[in-house]
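Below: the structure, in structure tokens.
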Amino acid sequence: MSVCLLAFATLGVLPGANPLRGEAAAADQPSPIAARFGVNQPHIKLSDPATMERVFSEMAAAGIGWARIDFAWPDLEPTRGKWEFAGADLAVANARSHGIKLLGILGCAPTWASGGFWFTFPPTDMAAWRNYVSTVCSRYRGVVPAWEIWNEENIHQFWLPWPDANVYVALAAQAAPAIRAADPAAKVVMGGVAGLDPNYLDACFKAGVLEHVDAVAYHPYAETMSWGNYTPQEPGARYIVSWLRNQIKQYTAKPVEIWITELGWSTSTPSPPGVDQATQGIYMMRTFINYADLGIDRVISYNFWDEMNNPQDIGYNYGVLSNDFSRKQSFNYFKVFQETFGRAVNARTGAAAFSCSSPGSLEAHSFDLPDGSLLMGVWKADDLDDRLTITLNSASYSEPVLLDAATGQRQAAAGVSRGPDGKVTIAGLGVGKRPVILEFAPVSVPRVISVAPPSGAVGAEATISGAGFGASRAASTVSFGATLATEYTAWSADQVKCRVPALQPGAVQLAVTTGGGTSNPTRFTVTTPGPTVGSIAPKAAVEGTTLNEVCLLGTGFGPGATVTLAGSGSTIAATSVNVASSTRITCSFSFQVGQARSYDVVVRNADGCQGTLPGGFTVSAAQCGAGGAPAVLVLGLAMGLVTMAGLCPARRKPRRPA
């Protein structure tokens, strides 16, 4: 794709040492598989600061660990000796602050270094080329952990006057030592070739490129594997990986990684190859699972944000964010992949037996999770619906949880049985274009199926449903991220109730730990603190009367909040509740004979969090012989006094015209 189509922006010149140099690179993602997947955003250094921050923030929200961006020479040194690093520095700083590693693309040549030719001509001034590589890699030493030498050098769009493997290898041979001298820890990646191009790759291997690089890269867009077929073509993808590994072994005994630095599907309107948003997400997840099973060292999707919007051109709109930053469905699929398969530590073979009506197109991939659970992704490569039966080959797993591929929502799977040998079987499972994700916990390890509600403030009660929690709590715990719950209201083998511990608002991973191990993590969002009730006016009433405007003052009142009076087994619900603001509620109460007592005033927000004013309201018994009208009159006078005191401002009557 158009990685080197540059807008030659004028950026501020920052001479001298890079302030980022020498600082540690972002930490690896917690899971080996999650750490392998990333996105392209090649021209991000040309964006304004607000856009740059938003893009990297959204990457972090999707759980993305890598981003591929360009450090194109014509942008950084448009005039010999005059460096313009402002945009690149800001991009690197943003990536680092969001925990995202960078694969930097080195390439293109300014006209002054290529004999006056267009920027996709290779440089003719090799001393200047080495100086460019050394300057950039030294500046970002320890911060950018991998460098890719050029992009799609096998096609005319990026290498003029015509692609030449020998010329490219000579260029890489000059760049690689400069990279390693500048940053010995950095990986050196051969420029990703468009498609696979086996003849060009073989020519590069013969010319000795494997002596200079740590990884070989290619761009297996679906249309480059089989023109006119825009499905993931999983068997073909596996064949290519096998061919490439064998070919590398023909030329070197040293370990050489395989990186896929571009692939994707456009959501532009022409079809084919444009696909709808759901299909983009489905094909992306299937491709990621397939390559995770193959142990590919890096898979970087093209691209993340549609920085240009052209729905009529299939060369655009490959992103998981639209041009207006709205999230496409593929954003959620990417996030769910990272949160589920990203936890896996390795692929697993022979985990189960599978049967369906057309097994030739069945894709079934299994992985081991750190807690000993088995994770499985299953779909049909032909996109056709089928019915599937799965029987595990081990009796050491419990009944599965079904995960929604688009949302990550968990539920117990149907059609599950356990045979006399203890092995779990799932029969009649619907399978087709969209991946079916199943997770099997070890029999002894607890498993979380759902948390209700999925969010709540500190002190709110969370109900955790699942299996293997144990009949009583004993030393078992519920963790919200790194913080343990301290208040438990119920504990059984399949359900735990606890209150949210003191945490800052935001998303955390909830898990249950017992003597058998720690459950699968489940996302829980800690919301802002619940309501507090400071006062109520009026604060007293008489049986048999109605208060049509009661005012509560406090904090944290949310839309949909309810108001009740609770006391000694009696509860009175307010009507006409109006949450005027986060600090003020108005409502009405009707009082019946027999409700005379002291009441707590309770405000409960829609998320279940509540605030209480203990003993804040009193209902008195009606006096003998006194009818309802005098009591209402007394209460009306009381409300007038309260209004005058400023506790609950009354509506002002419109002034009569003069």
- Item | Range of Cα positions in the range 416-496 per principal axis (Å), largest first | 42, 33, 19
- Note on the structure: Across 10 Å bins beginning at 0, the whole-percent shares of Cα-Cα pair distances in the range 100-145 come to 29, 43, 24, 4
- Using per-residue counts of other Cβ atoms within 10 Å, averaged over each peptide, order 324-330, 100-106 from highest down. 100-106, 324-330
- Item | Additional length obtainable on full extension of the chain from residue 404 to residue 211, 0.36 nm per residue less Cα span | 65.0 nm
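Nearest 0.05, what FRET efficiency do residue 252 and residue 489 give at R0 = 51 Å with Cβ-Cβ as r?
That pair, residue 252 with residue 489, gives E of 0.25.
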- Task: Would you mind classifying the range 317-476 by shape? Square roots of the alpha carbon gyration tensor eigenvalues, ordered a ≥ b ≥ c; an a/c under 1.5 is rounded, otherwise it is prolate if a/b is larger than b/c and oblate if not.
- Result: oblate
- Task: Just check the chain against the gyration tensor rule for me: Cα atoms, a ≥ b ≥ c as the square roots of the eigenvalues, rounded for a/c under 1.5, and otherwise prolate or oblate depending on whether a/b exceeds b/c.
- Result: prolate
- Message: Output the 0 to 90 degree angle, nearest 10, between the alpha-carbon long axis of helix 49-61 and the longest principal axis computed from the alpha carbons of the chain.
- Response: 80 degrees
- Message: Tell me the angle of helix 126-139 to the major Cα principal axis of the chain, expressed in degrees between 0 and 90 and rounded to the nearest ten.
- Response: 20 degrees
- Can you give the accessible area per residue of the range 78-229, in Å², using a 1.4 Å probe? 34 Å²
- Cβ-Cβ FRET estimate between residue 269 and residue 223, R0 fixed at 22 Å, reported to 0.05: 0.85
- Item | Potential lengthening between residue 127 and residue 425 on full extension [0.36 nm per residue; Cα-Cα distance subtracted] | 100.7 nm
- Per-residue ellipticity at 222 nm for the chain, helices alone: DSSP H runs ≥ 4 residues times -39500 (n - 2.57), over residue total, nearest 500 deg cm²/dmol? -6500 deg cm²/dmol
- For residue 598 and residue 620 in the same chain, what is the full-extension length gain: residue separation times 0.36 nm, less their Cα-Cα distance, in nm? 7.1 nm
- In terms of the alpha carbon gyration tensor, root eigenvalues a ≥ b ≥ c, rounded if a/c is under 1.5 and otherwise prolate when a/b exceeds b/c or oblate, the range 212-314 is prolate
- Message: What value in Å³ per residue do you get for the convex hull of the alpha-carbon atoms in the range 69-221?
- Response: 104 Å³
- Query: Using the per-residue mean of other Cβ atoms lying within 10 Å as a proxy for protection, in what order, highest first, do the peptides 602-608, 434-440 fall?
  - Reply: 434-440, 602-608
- Note on the structure: In terms of the charge dipole of the chain, which places +1 on Lys and Arg and -1 on Asp and Glu at the beta carbon, the residue among 240, 269, 212 farthest towards the positive end is 269
- Count the DSSP beta bridges whose two residues both fall in the range 112-231, then state the antiparallel fraction as a percent rounded to the nearest 5. 10 percent
- Query: Straight-line reach from residue 423: which lysines have Cα under 17 Å away, leaving out those fewer than 8 places along the same chain?
  - Reply: none
- Taking residue 249 as the anchor, which lysines have their alpha carbon closer than 25 Å to its alpha carbon, excluding any fewer than eight residues away along the same chain? 187, 206
- Which of the aspartates and glutamates could a cross-linker span from residue 254 if the Cα-Cα distance has to be under 13 Å and same-chain partners fewer than 8 positions apart are dropped? 211, 214
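The values are calculated or read from the model by the stated rules, or taken from the named source; none is laboratory data. Owing to the predicted nature of the structure, the values given are computational and were not obtained by experimental measurement. With ideal geometry, Cβ positions are generated from the backbone for all residues, glycine too; neighbour counts draw on all protein chains shown. To get the accessible areas, we keep the full protein, side chains included, count just its heavy atoms, and leave off ligands, DNA and RNA. Shrake-Rupley method; radii C 1.70, N 1.55, O 1.52, S 1.80 Å.
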